[in-house]
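Engineer: Take a look at the following structure, please.
The values are calculated or read from the model by the stated rules, or taken from the named source; none is laboratory data. None of the values given here were measured: they were computed from a predicted structure. Here the Cβ positions follow ideal geometry from the backbone for every residue, glycine too, while neighbour counts run over all protein chains shown. Side chains included, ligands, DNA and RNA excluded: accessible areas come from the protein's heavy atoms. Shrake-Rupley method; radii C 1.70, N 1.55, O 1.52, S 1.80 Å.
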Amino acid sequence: MELQENVPVPVFTDVNRDLFMRKICPERRPAVLRGVCLGPCLEKWTVKYLGQKGGDKEVRIHVSAVPQMDFLHKNFEYKTLSFNEFVKRASEKQHSDFFLSEDESYYLRSLGEDVRKEPADLSKQFPELAGDFHIPQFFEPDRFFSSVFRISSCGLQLWTHYDVMDNLLAQVTGRKRVVLYSPQDALHLYLSGDKSEVLDIDSPDLKRFPEFVKAKRYECVLEPGDLLFIPALWFHNTLALQFGVGVNVFWRHLPADSYDKKDPYGNKDPVAATRALQALERALHTLDELPADHRDFYGRRMIQRIQKRTYCDSLLGTNAQEVSKTISPNSQLTQLD
């Protein structure tokens, strides 16, 4: 079987707040936004300028001997460098100074001052750079959650995952490919928590991940100055085509009490979803008290109840009956943890 053809992510130009709120955000689909003012960062954020502004500030970074970073199996190491040294190395393809290998890859994902309690905020962690970047005013200010500073080596590819909040990925320098998958294709992505086990999305092991071919792939290439709207729960995988700098802006699109207050990263499932999944786990343990044929019978009835109560036909682009044909007792349903 072959992978599905790429579906291009739609591009909108000269987007303002009204257009975003009225037409783009309600569709709950990714969109590339062009022509939005991001401030002087587009001209200023050269390697030299970043190094001068960041100076000797220490940053914790990911370093990997291979460009495909795998969070599930941790094929990278956490290291600490001064910011100016990190930017210099990340912009190079071959390194005279290195930790693992001459062609190792680097990645920075900024963190809050107290990584266990505070979300990342560009104005707090990098105040000397924050003034150069204008956060798009596409949401109410009190909904703001975090602004995450990201810097990647050329060729760096990050694992496929989803976030529970809406976000805008601002590509400031360099070009970046982004591949996305709909939340409705979660059953085909072999999930472990919020991450997909399919690391190589371009040449996947279809003997190990046969269902992956059913996932519809959306793709775009971000140019400097582009914004990508990534709705909550949409899976995304990024590949830096060049050394790149960007900022992710996350906001709470649901009521504030929907989210886990102890989640500084914004990637824990909403509180109600967590409770529901815990209840499901308890129900499955209860079914273990029955013999196998009874578990199978009542398990199928539970699946049918869940489909009728939760599946949204307009989102699926199909009907629940058609989708149910793809679900078997050995499907990935049980991995939606």
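Engineer: Based on this model, can you work out whether Leu199 counts as within 30 Å of Phe83 (Cβ to Cβ) and either open to solvent by less than 20 Å² (accessible area, probe 1.4 Å) or not in a strand (DSSP E or B) (or both)?
Structural biologist: Working: within 30 Å of Phe83 (Cβ to Cβ): yes; either open to solvent by less than 20 Å² (accessible area, probe 1.4 Å) or not in a strand (DSSP E or B) (or both): yes.
For Leu199, the condition - within 30 Å of Phe83 (Cβ to Cβ) and either open to solvent by less than 20 Å² (accessible area, probe 1.4 Å) or not in a strand (DSSP E or B) (or both) - is met.
Engineer: Within region 38-66, restricting attention to residues that are assigned to a loop (DSSP other than H, G, I, E, B) and in contact with a helix residue (DSSP H, G or I) (Cβ under 8 Å, 6 or more places away or on another chain), which residue is surrounded by the fewest Cβ atoms within 10 Å (Cβ to Cβ)? Write out each step before concluding.
Structural biologist: Of all residues in region 38-66, those assigned to a loop (DSSP other than H, G, I, E, B) come to 38-40, 45-46, 55-57, 65-66.
Now narrow it down to the ones that are in contact with a helix residue (DSSP H, G or I) (Cβ under 8 Å, 6 or more places away or on another chain): 45, 55-57.
Values: Trp45: 22, Gly55: 11, Asp56: 9, Lys57: 14.
Looking at the filtered set, the residue picked out is Asp56.
Engineer: Please go through region 230-250 and pick out each residue that is open to solvent by 10 Å² or more (accessible area, probe 1.4 Å), out of contact with any Leu (no Cβ under 6 Å at 6 or more places or on another chain) and assigned to a strand (DSSP E or B).
Structural biologist: Selection gives Leu239 alone.
Engineer: A further question follows. Applying the selection to region 286-337, what residues are open to solvent by 50 Å² or more (accessible area, probe 1.4 Å), modelled with pLDDT under 50 and not in a loop (DSSP other than H, G, I, E, B)?
Structural biologist: First, pick out the residues of region 286-337 that are open to solvent by 50 Å² or more (accessible area, probe 1.4 Å): 286, 288-298, 300-302, 304-306, 308-315, 317, 319, 321-322, 325-326, 328-330, 333-337.
Filter again for modelled with pLDDT under 50, leaving 317, 319, 321-322, 325-326, 328-330, 333-337.
Passing the criteria: Gln321, Glu322, Leu333, Thr334, Gln335.
Engineer: I want to confirm something. Restricting to region 126-141 and keeping residues that are modelled with pLDDT of 95 or more and part of a helix (DSSP H, G or I), which single residue is nearest to Trp251 (Cα to Cα)?
Structural biologist: Ala130
Engineer: Of all residues being farther than 30 Å from Lys44 by Cβ and in contact with a Gly (Cβ under 8 Å, 6 or more places away or on another chain) in region 159-186, which is surrounded by the fewest Cβ atoms within 10 Å (Cβ to Cβ)? Just the residue, please. Can you show your working first?
Structural biologist: From region 159-186, those farther than 30 Å from Lys44 by Cβ are 159-162, 164, 181-186; that's our starting set.
So of that shortlist, the ones also in contact with a Gly (Cβ under 8 Å, 6 or more places away or on another chain) come out as 164, 184.
Details: Val164: 22, Gln184: 17.
Restricting to residues being farther than 30 Å from Lys44 by Cβ and in contact with a Gly (Cβ under 8 Å, 6 or more places away or on another chain), the top hit is Gln184.
Engineer: Evaluate the following for Leu189: is it in contact with a Leu (Cβ under 6 Å, 6 or more places away or on another chain) and open to solvent by less than 10 Å² (accessible area, probe 1.4 Å)? Please lay out each step first, then the result.
Structural biologist: Working: in contact with a Leu (Cβ under 6 Å, 6 or more places away or on another chain): no; open to solvent by less than 10 Å² (accessible area, probe 1.4 Å): yes.
Here the answer is no, as Leu189 does not meet what is asked.
Engineer: Let me ask something additional. Tell me whether region 88-111 contains one or more residues that are in a loop (DSSP other than H, G, I, E, B), among the acidic types (Asp, Glu) and crowded, with 16+ Cβ neighbours inside 10 Å. Step through it out loud before you land on a result.
Structural biologist: Going residue by residue through region 88-111, those that are in a loop (DSSP other than H, G, I, E, B) are 91-104, 110-111.
From what is left, the residues that are among the acidic types (Asp, Glu) are 92, 97, 102-104.
From what is left, the residues that are crowded, with 16+ Cβ neighbours inside 10 Å are 92, 104.
For region 88-111, residues in a loop (DSSP other than H, G, I, E, B), among the acidic types (Asp, Glu) and crowded, with 16+ Cβ neighbours inside 10 Å: present.
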